[in-house]
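> Here it is: the structure, laid out below.
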Amino acid sequence: MFGEDDIVKSHEERANYLIVIVLIAFGLIFARLIFLQVFKGDLLYRYSLENRLREEIIRAPRGVISSRDGVVLVNNYPRFDVMITRQYLKDKNKTYERLSQILNISVESIERIIKKNSFQAAYRPITIKKNVSMKEVALIETEGEEFSGVSVDVFVSRENTQGEIGAHALGYVSEITQDQLQFYSNRDKTSYRLGDHIGQFGLEKEFDKYLRGVNGSEFVEVDALGRKKKYVEKDKIFHGITDIKSIPGHTMMLTLDVDMQRVAHEALSDRVGTAVAMDISSGEIYTMVSHPSFEPAEFSKGVQKDYWNILVNNPDKPLRDRAIQEHYSPGSAFKPFTAMTLLAENVFTEKTQVNCSGGFTLGSKTYHCWKKFGHGSVDLKKAIKESCNSYFQKAALKLDIDAIAKFSKMFGLGSRTGIELPRETSGLIPTEEWKMKRNGKPWQKGETLSCAIGQSYVLVTMMQMVAAYAGIANGGEVLRPYIVKEVKDENGVLVKQGAKNVISKADVNPAHLKAIREGLYDVVNSPGGTAYYHRGKGLEMAGKTGTSQVVGSTADKIYQKCELMPYEKRHHGLFISYLPAQDPKLAIAVLVEHGCHGSSAAAPVAEKIAEVYMKKYQPTLYAENLEVEKKQKVITIPVPDLQLEQEGDVLPDGE
């Protein structure tokens, strides 16, 4: 048995151990407190502040885009977006219900948006509705505690001052998608997140790294419900926590002329087609219009489902840039390149006379000229002027397709021009080797006859055609078109500048080019020329009409009037030109889908563009030309109902 002393002694020892343990524990706690207060005090103080603060992104305004004459084409404007930060939601269901009433959207829609972005951290704001009205902003801001976690943020959207004009070239911005996040973050070495906007089309996409700018950030103090209390100032309390200013995107001046853009768009307003105008000595693009078009601002604001459905279900494909993303058979506008070939290959001279009786037969097939009873005796200039199919097809009997391909490729046809815009297509200039690889069949002579007048396999873009005709006009220099004149940073320092870029120099006899240019001049300025009725006043244009066949014609419908055909089977009309003819400055390419004739559909558009150009950039010459025409009593004759051109009025270039 233990005595009381033994029991007391035993408990005393245990108590001593317990006291030691307690002292050690308190010592550790005290040491930890000293460590946290003395050695980690500043850091923990910063952490405590950051729990009271919320970092908000200051989105950098994108760079302004202007025309060559200083008119702002794309600008920025503020918009208000409603956000939800899940971390601060107090009563989720009640908040969703009230928010749906204010924003006029269903609770299900809100929940769907939240679920779609659920992979993000809870402190990341999620956009519920973009571009809300001031009334909706006011209602949200007056809700108080009931709307914990709901905020209204200011964003910068893009505004195209010219609306739909030139939308395909300018492009649009929209919110980055989940599928794009990883790719663009790696490409740009930037941590993108949902809600960020990037260039998705046109120049906005191709020059996104210049236009985007660098986002900044600022800290705002929030209460326990996540509501802003005040903006943080650089005082003693918030020492060390500083805002980062955003850096605006670079400004961009384009080569486009706003007046020429507008008149081209208006001239195509009830048509489907495209118009391109290019400086023949530098490659600067003055006009680049595709119609129908779209409103880029709709994408910046967050494209609505109804508007998107209208665009994608429109059979005329308004999202397609017809200047570079669609290729067409050039029809008779291709004949100058066949002419170069037949002269270079010594098949004909420019004086060689060829009889056109309305057509001829090769094997079992008859190759018709558009003029049923023929053009009679035709030399090179007359063949170009009146667009005689038989002349070029009889020459093609003595040519092989590779020779025609050689000279057309010299002028860039069948290859991308390299203009600084995405998704340019290449078109096609066929060769014997190409057909064998594609079809496993040898080339047929009849196919050469069709290609010689720009039909069959031959496919080009209007950007290629304007560059090719510029090459004819300037003596054989094939230039890379460009649309960005200069890019400057936020301090006005030049970062990038467009410049002349000669892709190649066509190896063509200058005398041959001269003969072809004389024929192109007669097309517009000589009675009987296929574009004579649309030569305009004071313009001095030279060019070539063309009719691009959409579907083949059976023997009984070869001379059927195009306008009587179903719309979708009507031929496309082209007119490719340059001016002034004696000292060329500008080349113009116009195509009107299902326009039937180059003369009546495309030439009037080119005429309007040329008139603006001459008045604005060549006013002295324009006035002199008008005076000369006045003295010579040269007038523009109204186009009769039954046109004399009819290059393709009843038959598109012999097919």
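The values are calculated or read from the model by the stated rules, or taken from the named source; none is laboratory data. Note that the coordinates shown come from a computational prediction; the quantities given were computed from them, not determined experimentally. As a convention, Cβ positions derive from the backbone with ideal geometry for all residues, glycine included, and neighbour counts pool all protein chains shown. Just the protein is used for accessible areas: all its heavy atoms, side chains included, with ligands, DNA and RNA removed. Shrake-Rupley method; radii C 1.70, N 1.55, O 1.52, S 1.80 Å.
> Over all directions, how big on average is the projection of the convex hull of the alpha-carbon atoms in the range 510-618, in square nanometres? Before the final figure, lay out the partial values.
Numbers: hull surface 31.4 nm².
Dividing the Cα hull surface by four gives the mean projection, 7.8 nm².
> Under 4.7 Å Cβ to Cβ, no partner at all: give me those cysteines from the chain, in residue order.
Lacking a cysteine Cβ partner under 4.7 Å: 356, 369, 388, 451.
> For a protection proxy built on the mean count of beta-carbon atoms within 10 angstrom, sort 87-96, 495-504, 389-398, 411-420 highest first, please.
389-398, 411-420, 87-96, 495-504
> So what's the back-of-envelope 222 nm ellipticity for the chain, counting only DSSP H runs of four-plus at -39500 (n - 2.57) apiece and dividing by all residues, rounded to 500?
Mean residue ellipticity at 222 nm (helix-derived): -10500 deg cm²/dmol.
> Can you give me the Cα centroid spacing of the range 372-388 and the range 302-360 in angstrom?
After rounding, the separation between the Cα centres reads 21 Å.
> How much length is gained if the chain between residue 242 and residue 214 is pulled fully straight, taking 0.36 nm per residue apart and subtracting their Cα-Cα distance, in nm to one decimal? Walk me through the numbers before you get to the answer.
Details: separation 28, 0.36 × 28 = 10.08 nm, distance 1.67 nm.
Extending this stretch completely gives an extra 8.4 nm.
> How long is the gain from residue 94 to residue 526 if the chain were fully straight, where each residue apart is worth 0.36 nm and the alpha carbon distance is subtracted?
147.6 nm
> Now for a different question. If you rank 197, 327 by how much accessible surface each has, with a 1.4 Å probe, what is the order from largest down? Could the numbers behind the result be given before it?
Details: 197 45, 327 75 Å².
Descending order: 327, 197.
> Let me know the charge dipole size of the chain about its Cα centre in debye, to the nearest 20, where only the beta-carbon of Lys, Arg (+1) and Asp, Glu (-1) is charged.
Value, rounded to 20: 1180 debye.
> Now, a different point. Quick one: grab the alpha carbon gyration tensor of the range 308-357, order the square roots of its eigenvalues as a ≥ b ≥ c, and give me rounded if a/c is under 1.5, else prolate or oblate depending on whether a/b is larger than b/c.
prolate
> For the range 370-479, what ratio Rg/Rh do Cα atoms give with a Kirkwood hydrodynamic radius?
1.00
> Considering only protein heavy atoms and a 1.4 Å probe, what is the carbon-and-sulfur percentage of the accessible area of the range 269-417?
Roughly 47 percent, rounded to a whole number.
> Can you tell me the relative contact order of the chain? Whole percent, Cα pairs under 8 Å, sequence separation 6 or more.
Relative contact order comes out at 14 percent.
> Given 20 °C and 1.002 mPa s, compute D for the chain with the Stokes-Einstein relation, Rh being the Kirkwood radius over Cα pairs; round to the nearest whole µm²/s.
For these conditions, the coefficient is 73 µm²/s.
> Right, another one. Any idea what the alpha-carbon Rg over 2.2 N^0.38 Å comes to for the range 243-358?
Values: Rg = 22.0 Å, N = 116, 2.2 N^0.38 = 13.4 Å.
Output field value: 1.64.
> A follow-up question, please. Hey, with R₀ at 60 Å, roughly what FRET efficiency would residue 116 and residue 436 work out to, going by the Cβ-Cβ distance, to 0.05?
In this case the efficiency is close to 0.70.
> Quick one: if the Förster radius is 35 Å, what FRET efficiency do residue 133 and residue 496 give, using the C-beta to C-beta distance and rounding to 0.05?
Values: r = 39 Å, r/R0 = 1.12.
Calculated value: 0.35.
> Taking the range 70-222 on its own, what percent of its Cα-Cα pair distances exceed 23 Å? Can you show the working numbers first?
Details: 5357 of 11628 pairs.
Pairs farther apart than 23 Å: 46 percent.
> How high is the relative contact order of the range 258-310, given as a whole-number percent (alpha carbon pairs under 8 Å, six or more residues apart)? List each step's numbers first, then the result.
Numbers: 48 pairs, mean separation 16.2, N = 53.
Relative contact order of the range 258-310: 31 percent.
> Once you keep just the Cα pairs under 8 angstrom separated by 6 or more residues, what percentage relative contact order results for the range 61-138?
Rounded, it is 39 percent for the range 61-138.
> How high is the FRET efficiency between residue 583 and residue 71 when r is their beta carbon distance and R₀ equals 35 Å, given to the nearest 0.05?
0.80
> Need one word for the range 116-177: rounded, prolate or oblate. Basis is the Cα gyration tensor (sqrt eigenvalues a ≥ b ≥ c); a/c below 1.5 gives rounded, then a/b vs b/c decides.
Working: a/c = 4.36, a/b = 1.66, b/c = 2.62.
Oblate.
> Using only the Cα atoms of the range 67-121, build the gyration tensor, take square roots of its eigenvalues as a ≥ b ≥ c, and label the shape rounded, prolate or oblate: rounded if a/c is under 1.5, else prolate if a/b is larger than b/c, else oblate.
Values: a/c = 3.33, a/b = 2.48, b/c = 1.34.
Prolate is the answer for the range 67-121, as a/c is 1.5 or above and a/b outweighs b/c.
> Could you pull the Rg and Dmax for the range 305-404, using just the Cα atoms, both in Å?
19.2, 62
> Also, quick follow-up: Determine which lysines satisfy two conditions relative to residue 437: a Cα distance under 21 Å, and not lying fewer than 8 residues away in the same chain.
406, 409, 445
> Using a probe radius of 1.4 Å on heavy atoms only, what accessible surface per residue do you get for the chain? Whole Å² is fine.
47
> Also, I was wondering about something else. Sort 203-210, 617-624 by packing, meaning the average of other beta carbons within 10 Å per residue, with the highest value first. Please report the intermediate quantities before stating the final value.
Working: 203-210: 20.8, 617-624: 14.9.
Packing proxy ranking, top to bottom: 203-210, 617-624.
> Let me ask another. So, in nm, how far is label residue 366 from label residue 262 when the simple model puts each one 7 Å beyond its Cα toward the Cβ?
Computed distance between label sites residue 366 and residue 262 equals 5.3 nm.
> For the chain, what is the percent of antiparallel DSSP beta bridges, rounded to the nearest 5?
95
> Picking from 154, 503, 287, whose Cα lies most toward the positive end of the charge dipole for the chain (charges on Cβ: Lys, Arg +1; Asp, Glu -1)?
503
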